[in-house]
Amino acid sequence: VLKGPDKKALLIAPLESWYEADFDIEPDIPGLCGDSIKKRLRWVDYSCCRWDAQLENLPGFHFGPEFGASSHLAQYFADRNRAQICDISNYFQQHASSTTVISMSHFAPRPDCLPEKRFLIDPHLPKVSGSTKIEAQLRQINSKIHIFGHTHLAVDYVADSVRYLNWPLGSFRERQHQTRIVSGSGILLLYDEARGFADIQPTFWSYYYSQYPRDANICLLAPWVRRVYNALGLSVDESIQAQQAALRAKDPNAIPFPQYPENNSADIYYARTAKQYKSWRAPPYDADDFQSSLQEVNNDSSLDNDDDVTARF
């Protein structure tokens, strides 16, 4: 049990979980074609995971590239948390004023943990990312901070009085792009007994959504998504794309695309962030090491030479 400056005990609650296709509540990009069953098999879960016959024989059970995962699996793992949730809830009722609950799960607890689909290079991602059953359970135990993973997209934000945090290291290639905030500055030290909790950390997507409201009705593909769609043979309704592109041409704020704060370059943004929050990194951040790593990335010809700032989120 840890106790910080506020003298509160920390209660750590890991929650078992799985994803469900119903987690995807936002409309698909209009006219999307080409996201075939064969292409969805890139999600190796569909071919590598096998479930108990008792689960697979339940009415309505499905798990595969055609329809995704039914809610049965998410419910199965949620049920495995029931005893722990009951114990934590009872404990919290008796010690609410002296306890802070931190919950964690592998999968995402709410759809806004992901960007809108027009920003996602994989249209199937929301169906294999999380379950709102996690959200329901973390609320039951009065979690103050929820830590999750799986998406490989760094976020740190507050929604409905709970802080949601994903601080992914990512694959080698992702460390040059979408998880660079982590690989470039270090593992986040979330809690320190002498100082308490780290402040909310700046991340690419959390910054964007602090500036612009989420709007699933906007479907204009971001430039980096368009390039990937073209490479994968995915097509969309071009008439709607053209209409929204015309609106954006008149007023970029009407249909915004993300940029780094103050129009900084990716290198400047990540270097400044690493320096500003170096005391909340473990192991401690080293400016010289970070600048060296940036130089190595810039000199690596095997990486895509892409000047689009958003390709480096």
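Couple of notes before you dig in:
- Extension reserve of the Leu232-Ser36 stretch, reckoned as 0.36 nm per residue once the Cα distance is removed: 69.5 nm
- Relative contact order of segment 37-80, taken over Cα pairs closer than 8 Å and 6 or more residues apart, is 32 percent.
- Percent carbon-and-sulfur accessible area, the chain, ignoring ligands, DNA and RNA, probe 1.4 Å: 53 percent
- Scanning the chain for GluC sites (Glu not before Pro) that sit in a DSSP loop and have at most 10 other Cβ atoms within 10 Å, the longest stretch containing none of them is 67-192.
- Short-range pairs are left out: with C-alpha atoms under 8 Å and at least six residues apart, the relative contact order of segment 167-278 is 31 percent.
- Links that overshoot a 32 Å alpha carbon limit, given the list Lys144/Lys250; Lys38/Lys144; Lys8/Lys278; Lys8/Lys275: Lys144/Lys250; Lys38/Lys144
- Anchor Lys39: lysines whose Cα lies under 29 Å away (excluding residues fewer than 8 positions away in-chain): Lys117, Lys127, Lys133
- Computed E for Arg50/Ser89 - FRET, C-beta separation, R0 35 angstrom, nearest 0.05: 0.55
- Gaussian network model of the chain, Cα within-10 Å springs - most flexible of Ala266, Ala53, Ala74: Ala53
- Between Tyr212 and Lys278, the modelled label-to-label distance comes to 3.4 nm, taking each label 7 Å out from Cα in the direction of the beta carbon.
- Full extension of the chain segment joining Arg82 with Asp199 gains 39.0 nm, where the gain is 0.36 nm per residue of separation less the Cα-Cα distance.
- In order along segment 87-93, the Karplus-derived 3J(HN,Hα) couplings, from 6.51 cos²θ - 1.76 cosθ + 1.60 at θ = phi - 60°, round to 5, 5, 4, 5, 5, 5, 4 Hz, and Gly and Pro are given as x.
- Sites Leu58 and Ala136 - FRET efficiency at Förster radius 30 Å, r taken between beta-carbons, to 0.05: 0.90
- Among Leu125, Leu73, Leu32, the largest mean-square fluctuation in a Gaussian network model of the chain, built with springs joining Cα atoms closer than 10 Å, belongs to Leu32.
- Other-chain or far-sequence residues with amide H under 5 Å of Tyr191's (modelled H): Ala198
- Under a 5 Å amide H cut-off, with hydrogens placed 1.01 Å from N, Gly64 pairs with Ala69 among residues at least 5 apart or on other chains.
- Extending 7 Å from Cα along the Cβ direction at Asp22 and again at Leu247 yields two label points whose distance is 3.1 nm.
- Entry comment: accessible area of the chain is 51 Å² per residue, from protein heavy atoms only and a probe of 1.4 Å.
- Value of relative contact order over segment 152-194, rounded to a whole percent, pairs C-alpha under 8 Å and six or more apart: 32 percent
- Given a 1.4 Å probe and the protein chains as shown, Cys33 ends up with an accessible area of around 70 Å².
The values are calculated or read from the model by the stated rules, or taken from the named source; none is laboratory data. Worth saying up front: this structure is predicted, and the values here are computed from it rather than measured. Positions of Cβ are backbone-derived with ideal geometry, glycine not excepted, and every protein chain shown enters the neighbour counts. Remember, those area values only see protein heavy atoms, side chains included, never the ligands or the DNA or RNA. Shrake-Rupley method; radii C 1.70, N 1.55, O 1.52, S 1.80 Å.
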